[in-house]
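Undergrad: My questions all concern the structure below.
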2 protein chains.
Amino acid sequence: MAQKPSIPKGTRDFSPIEMARRNYIFDTIKRSFKLFGYKHIETPAVENLSTLMGKYGEEGDKLLFKILNSGDFLKNASDEELTERALPKLTNKLCEKGLRYDLTVPFARFVVQHRNELQMPFKRFQIQPVWRADRPQKGRYREFYQCDADVVGSDSLNNEIELLSLIDTVFSDLGIRILIKVNNRKILAGIAETIGESEKIVDITVAIDKIDKIGIENVNSELREKGLSENAIGKLRPILEMQGSNDEKLNLMAEFLKDSETGMKGIEEMRTVLDGFDRLGHESIVEADLSLARGLNYYTGTIIEAKARDVEIGSITGGGRYDNLTGVFGVSGLSGVGISFGADRIYDVMNQLDLYPSSITESVKILFVNFGDSEALQSMKYVRILRSAGISAEIYPDSAKMKKQMTYADSENIPYVGIVGETELNDGTIVVKNMIEGKQETLTLQELIDKFTV
Amino acid sequence: MAQKPSIPKGTRDFSPIEMARRNYIFDTIKRSFKLFGYKHIETPAVENLSTLMGKYGEEGDKLLFKILNSGDFLKNASDEELTERALPKLTNKLCEKGLRYDLTVPFARFVVQHRNELQMPFKRFQIQPVWRADRPQKGRYREFYQCDADVVGSDSLNNEIELLSLIDTVFSDLGIRILIKVNNRKILAGIAETIGESEKIVDITVAIDKIDKIGIENVNSELREKGLSENAIGKLRPILEMQGSNDEKLNLMAEFLKDSETGMKGIEEMRTVLDGFDRLGHESIVEADLSLARGLNYYTGTIIEAKARDVEIGSITGGGRYDNLTGVFGVSGLSGVGISFGADRIYDVMNQLDLYPSSITESVKILFVNFGDSEALQSMKYVRILRSAGISAEIYPDSAKMKKQMTYADSENIPYVGIVGETELNDGTIVVKNMIEGKQETLTLQELIDKFTV
């Protein structure tokens with residue numbers, strides 16, 4: 001009983017100051033989501049395991065938090081099954097529900113389940129926690145927030161342009177300088193096809209990604225180990241050595257991919273997206289980058305990633321196009337494209353660069369000191385009127401020593417203290433002390449309201 | 001695969017219109033929490049079972065959602081234990097974690113765990129979902145939000161007065177007329193003590209609660225069945241028949257309880273709270289009500305409940321004082337008092353009385369029709385500038401038929417449609433159609449911005 005309580009590893013408590021910072025980030029993202037016309041939805045934390053299982057690969061299934069059935073949770077399992085300890089099979093017998101792993105699968109489930117009520121194209125945003133039974137480490141948690149914006153039911157590339165614009169807007173509002181990278185799965189597929197190694201698309205992409213770190217000869221050795229032919233490795237060379245502006249890269253790729261229909265479609269898509277974004281006059285730098293391989297298993301067109309330029313931390317936002325978002329739930333033909341803001345990494349970046357406005361950690365505007373019953377009653381009347389005027393205010397609940405009450409005001413970062421002692425009670429005035437400058441003045445309530453509302 | 005997906009019973013998806021309404025409620029509550037100086041914290045959804053078990057009674061333990069351990073979840077259980085099927089014991093071997101059941105126990109855990117970082121008195125608010133494996137029914141869910149405000153580390157009754165003031169402010173902002181009931185456990189204990197039946201405090205309170213429904217003779221029969229002596233039942237009669245204003249009730253009770261120290265302390269506390277609230281000039285009616293028995297197992301002083309006056313739905317907010325909030329985690333001497341707003345019932349009341357401002361279901365201010373590549377590009381430039389000016393705007397992503405695009409604007413409740421066709425493209429103008437009045441006018445972008453920002 002007396003052991004100090006703790007929370008499960010990989011989870012976190014958020015203190016008032018941490019919440020003030022996180023709310024600043026979430027509110028900024030949410031404001032942009034709304035400005036762009038994405039609509040807020042929420043889905044339950046708890047989903048049926050039949051919705052979640054098989055959607056994140058075999059490894060993903062293991063990382064799902066499963067909820068023990070209520071009541072007699074062993075009733076579907078025989079003694080034999082229990083003592084055989086065939087875990088995956090038993091999991092299904094003991095658990096019907098699990099915690100959501102991301103916001104994309106629940107969104108696909110939502111779209112299918114409510115399809116008849118939804119107007120297409122449907123633009124939604126969702127800001128909720130997700131859970132993964134991953135090994136916790138620095139910057140990786142078992143419970144963390146995702147902030148997703150997706151459009152479903154439209155395959156126009158204008159959606160991709162809008163999402164890039166959204167990324168630019170959010171990070172510009174937050175004050176984080178970013179580099180956006182864009183790739184297209186069709187280009188990668190075209191490259192693999194052109195060198196005659198369609199099956200090896202992932203290995204090829206990984207190789208492209210490593211070229212800067214380990215050099216072309218080491219990359220080629222790795223490709224050989226992966227089973228690529230010498231012919232294919234030779235053909236790939238100009239792609240691995242490719243340099244230059246987005247236009248130069250696209251021209252070189254267009255030449256390389258001229259015989260691949262898929263590849264040329266990818267080039268056209270990427271040109272449209274990059275040109276469209278370019279013409280809107282945003283600040284963010286967008287770079288065509290063939291090494292961008294995130295979500296290669298499910299993205300079918302554009303792939304997007306954003307990194308902070310002033311902090312080494314990896315991707316802080318990512319997303320892409322998936323042509324068959326809802327196919328897994330039996331409704332095909334609905335294309336989706338979306339992005340996910342990584343709230344926790346953005347929080348780390350904001351903290352490192354100290355990008356928060358100082359106002360966010362302010363608690364109430366004024367604390368009234370408590371000198372005992374009659375003075376407190378008068379102060380509480382003032383506090384009530386201040387709050388009605390939209391000014392946050394509180395009274396110290398106990399008539400404690402002055403020093404204790406001032407320490408509270410200090411530690412809570414309260415900028416003003418109001419003092420109503422016997423004199424003020426008789427005068428109908430308030431002594432207002434500025435906690436930063438140390439100055440004080442005597443005001444009527446109306447003067448105090450005016451002071452805070454100009 | 002093709003079976004229509006669903007969500008676990010007792011859980012809910014929230015559509016954009018539902019979210020708009022829920023956010024209106026949450027934002028209103030949150031604004032008051034901040035005006036009053038409560039500070040936002042969050043705790044993880046997943047807590048250690050050692051934190052949760054035993055805090056909600058035996059029935060509560062059963063209603064906890066437990067999470068199956070990751071990896072080999074059977075490793076702590078022997079074959080014998082498995083085939084014996086001793087469920088509670090096995091639960092502990094299979095599960096270390098569970099979903100939080102309320103926000104009070106995690107708050108107590110938070111206070112103990114972070115005690116050295118917290119300035120007392122600590123006023124916190126918390127708005128998060130909780131989970132209970134209750135049988136779902138109308139208005140009762142397995143996943144639902146709680147909105148709690150608590151103060152810990154101060155036993156001043158000013159905190160109770162402030163909480164009543166907070167309740168009044170929130171419901172006045174929402175437009176819900178309420179009746180607040182106040183009781184005090186010490187008075188109930190005093191009554192039980194005075195009639196010589198201290199052990200029967202719960203039965204006595206339940207009896208008081210039934211008097212209006214079943215009449216005094218039936219209540220007395222029930223008390224007899226519960227084992228109260230005839231003498232006690234006779235003594236209780238004036239309390240059961242008590243009527244009148246708060247003052248009249250308090251006077252009658254003071255006379256009745258004059259020999260009970262605990263009872264008289266309760267009377268004094270209730271007088272202070274009712275008088276203090278009264279003098280602040282709030283609109284809400286506050287009634288002393290001895291039949292209020294919520295949380296009788298853990299509250300030690302004031303008990304508070306608010307009901308809507310215009311909808312029959314039961315309590316929409318409740319709370320009270322618990323003298324030993326953190327004792328269960330080994331830190332005694334910290335008194336707490338708090339209230340919890342029942343977001344789901346408030347939502348039902350708001351829906352029934354249709355109290356939402358119409359503006360909350362508006363999506364973007366203006367939708368630009370898409371007439372093809374060049375027009376769309378120009379529209380997207382306009383959209384970007386509108387958004388920079390804080391005006392929500394979007395473009396229909398596909399150059400679909402006009403009718404389809406207008407249907408979208410209609411169904412999404414978008415008040416204005418912007419049309420940039422060939423003429424407007426050449427003129428540098430926008431045809432702006434008011435979707436409610438049907439009128440249209442031709443404006444420059446600056447005129448459009450001015451229209452929306454006056």
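Nothing in this text is a laboratory measurement; each read-out follows from the coordinates by a stated rule. Predicted model only: the values in this text are computed from it and were never measured. When we count neighbours, we look across all protein chains shown, and the Cβ atoms used for this are built from the backbone with ideal geometry, even at glycine.
Undergrad: Antiparallel versus total DSSP beta bridges in segment B:311-413: what percent is that, nearest 5? Provide the component values of the computation, followed by the final result.
TA: Details: 6 of 9 bridges.
So the antiparallel bridges in segment B:311-413 amount to around 65 percent.
Undergrad: Between residue B:50 and residue A:354, what FRET efficiency follows from the Cβ-Cβ distance if R0 is 41 Å, with the result rounded to 0.05? Numbers along the way, then the final one.
TA: On the way: r = 38 Å, r/R0 = 0.92.
Given R0 = 41 Å and the Cβ-Cβ separation, E is 0.60.
Undergrad: A follow-up question, please. Find which of A:252, A:329, A:316 sits farthest along the positive direction of the dipole of segment A:241-329, computed with +1 on the beta-carbon of Lys and Arg, -1 on that of Asp and Glu, about the Cα centre.
TA: With unit charges placed on the Cβ atoms, the residue in question is A:329.
Undergrad: What order do you get for B:14-20, A:236-242, B:113-119, B:362-368 when each peptide is scored by the mean count of other beta carbon atoms within 10 Å, highest first? Walk me through the intermediate numbers first.
TA: Working: B:14-20: 18.4, A:236-242: 16.4, B:113-119: 14.1, B:362-368: 23.1.
The densest-packed peptide leads the list: B:362-368, B:14-20, A:236-242, B:113-119.
Undergrad: What's the magnitude of the charge dipole for the protein assembly as shown around its Cα centre, counting Lys and Arg as +1 and Asp and Glu as -1 at the beta-carbon? Answer in Debye, nearest 20.
TA: Values: 116 positive and 138 negative charges, 194 e Å.
It works out to roughly 940 debye.
Undergrad: Which value, in debye to the nearest 20, describes the size of the charge dipole of chain A about its Cα centre when Lys and Arg Cβ atoms bear +1, Asp and Glu Cβ atoms bear -1, and nothing else is charged? Present the calculation step by step, with values, prior to reporting the outcome.
TA: Numbers: 58 positive and 69 negative charges, 173 e Å.
With only Lys, Arg, Asp and Glu charged at Cβ, the dipole is about 840 debye.
Undergrad: How big is the gap, in Å, between the Cα center of segment A:196-230 and the Cα center of segment A:17-82?
TA: That distance is 36 Å.
Undergrad: Spin-label point model (7 Å from Cα, Cβ direction): what's the residue B:117 to residue A:231 distance in nm?
TA: 6.3 nm
Undergrad: If you put a point 7 Å past Cα along the Cβ direction, how far is that point for residue A:360 from the same point in each other copy, in nm, smallest first?
TA: The answer, with the shortest distance listed first, is 2.5 nm.
Undergrad: Sticking with this one: Between helix A:158-174 and chain A, what is the angle of the helix's C-alpha long axis to the longest principal axis, kept within 0 to 90° and rounded to the nearest 10?
TA: 40 degrees
Undergrad: Quick one: angle between helix A:185-194 and the longest Cα principal axis of chain A, in degrees between 0 and 90, rounded to 10, please.
TA: With both axes taken from Cα atoms, the answer is about 20 degrees.
Undergrad: Taking each label point as 7 Å beyond Cα in the direction of the beta carbon, state the distances from residue A:281 to the same residue in the other copies, shortest first, in nm.
TA: Computed spacing set for this position: 5.3 nm.
Undergrad: Using only Cα atoms, tell me the angle between helix B:246-256 and the longest principal axis of chain B; keep it within 0 to 90° and round to the nearest 10.
TA: Around 20 degrees separate the two axes.
Undergrad: Take the cross-link list A:30/A:439; A:258/B:403; A:34/B:381; A:186/B:433; B:97/B:200 and give me the ones stretching past 29 Å between alpha-carbons.
TA: On the way: A:30/A:439 39 Å; A:258/B:403 39 Å; A:34/B:381 18 Å; A:186/B:433 40 Å; B:97/B:200 36 Å.
Check vs 29 Å cut-off fails for A:30/A:439; A:258/B:403; A:186/B:433; B:97/B:200.
Undergrad: Follow-up. If you put a point 7 Å past Cα along the Cβ direction, how far is that point for residue A:175 from the same point in each other copy, in nm, smallest first?
TA: Nearest to farthest, the other copies are at 3.9 nm.
Undergrad: For chain B, what does -39500 (n - 2.57) per DSSP helix run (n ≥ 4), summed and divided by total residues, give at 222 nm, in deg cm²/dmol to the nearest 500?
TA: Values: 17 runs with 200 residues, N = 454.
Counting only the DSSP helices, I get -13500 deg cm²/dmol.
Undergrad: Report the closest approach of any chain A C-beta to the axis of the A-to-B rotation: residue and distance, in whole angstrom.
TA: A:82, 2
Undergrad: Shifting gears a bit: Could you give the distance between the Cα centres of segment B:407-454 and segment A:105-144, to the whole Å?
TA: Each part's Cα centre sits 34 Å from the other's.
Undergrad: Pick out, from B:223, B:391, B:153, the residue whose Cα sits farthest towards the positive end of the charge dipole of chain B, with +1 on the Cβ of Lys and Arg and -1 on the Cβ of Asp and Glu.
TA: Of the options given, the answer is B:391.
Undergrad: Just name one of A:414, A:445, A:369: the one whose Cα is farthest towards the positive end of the charge dipole of chain A (beta-carbon charges, Lys/Arg +1, Asp/Glu -1).
TA: Farthest towards the positive end: A:369.
Undergrad: Next question. Only four residue types carry charge here, +1 at the Cβ of Lys and Arg and -1 at the Cβ of Asp and Glu. Report the dipole size of segment A:405-454 about the Cα centre in Debye, rounded to the nearest 20. All intermediate terms of the calculation are to be shown ahead of the outcome.
TA: On the way: 3 positive and 9 negative charges, 22 e Å.
Around 100 debye, computed over segment A:405-454.
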